[in-house]
Amino acid sequence: MPLSDFKVVESVGKGSFASVYKVMRKSDKQLYALKRVKIGKMSKREIQDALNEIRFLASIRHRNVVGFLEAFLGTLHHLLYA
């Protein structure tokens, strides 16, 4: 599913390299957390760490851990202002 299938509800938090948003999938109004990572300001090592985080989150299946849905590469601009 493309990033444009989601709409930002609100900002949840912000750090040095990432921001987290509460988003809603437009098709069924289901809520999700979206983490936006600014890889343009990261070193190669930090980018590798971010990719490892994605792989790790995608591999976890536990009732007490938030599940991973999808990763996107691109801009959040059209999502924020859709």
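The values are calculated or read from the model by the stated rules, or taken from the named source; none is laboratory data. Keep in mind it's a predicted model, so treat the numbers as computed, not measured. In case anyone asks, the SASA skips ligands and DNA or RNA and just uses the protein heavy atoms, side chains included. Shrake-Rupley method; radii C 1.70, N 1.55, O 1.52, S 1.80 Å.
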Please list, ordered by chain and number, the residues whose modelled amide H lies under 5 Å from the amide H of K26; skip anything fewer than 5 residues away on the same chain.
F6, K7
Springs between alpha-carbon pairs under 10 angstrom, Gaussian network model over the chain: which of G13, G40, G67 fluctuates most?
G40
I'd like to check one number: the per residue accessible area of the chain, probe 1.4 Å, reported in Å² as a whole number.
77 Å²
With all protein chains present, how much of the accessible area of the chain (probe radius 1.4 Å) comes from carbon and sulfur, to the nearest whole percent?
56 percent
For the chain, averaging the sequence separation of alpha carbon pairs under 8 Å that lie six or more residues apart and dividing by its residue count, the contact order in percent is 26 percent
How much length is gained if the chain between V66 and I54 is pulled fully straight, taking 0.36 nm per residue apart and subtracting their Cα-Cα distance, in nm to one decimal?
3.0 nm
For V12, what residues show an amide H to amide H distance below 5 Å, using hydrogens built from the backbone and excluding near sequence neighbours?
V20, Y21, K22
Out of R45, R55, R63, a Gaussian network model of the chain with alpha-carbon springs under 10 Å gives the largest mean-square fluctuation to R63
Largest first and to the nearest Å, give the Cα extent of the chain along each principal axis.
37, 32, 22
At 222 nm, what value in deg cm²/dmol follows for the chain if DSSP H runs of at least 4 each add -39500 (n - 2.57) and the sum is divided by all its residues, to the nearest 500?
-7000 deg cm²/dmol
Subtract the Cα-Cα distance of A18 and I39 from 0.36 nm times their separation in residues, and report this length gain in nm to one decimal.
6.7 nm
Residue by residue through segment 3-13, which ³J(HN,Hα) values in whole Hz follow from phi under the Karplus form 6.51 cos²θ - 1.76 cosθ + 1.60 (θ = phi - 60°), with glycine and proline marked x?
4, 5, 6, 10, 10, 6, 8, 6, 7, 9, x
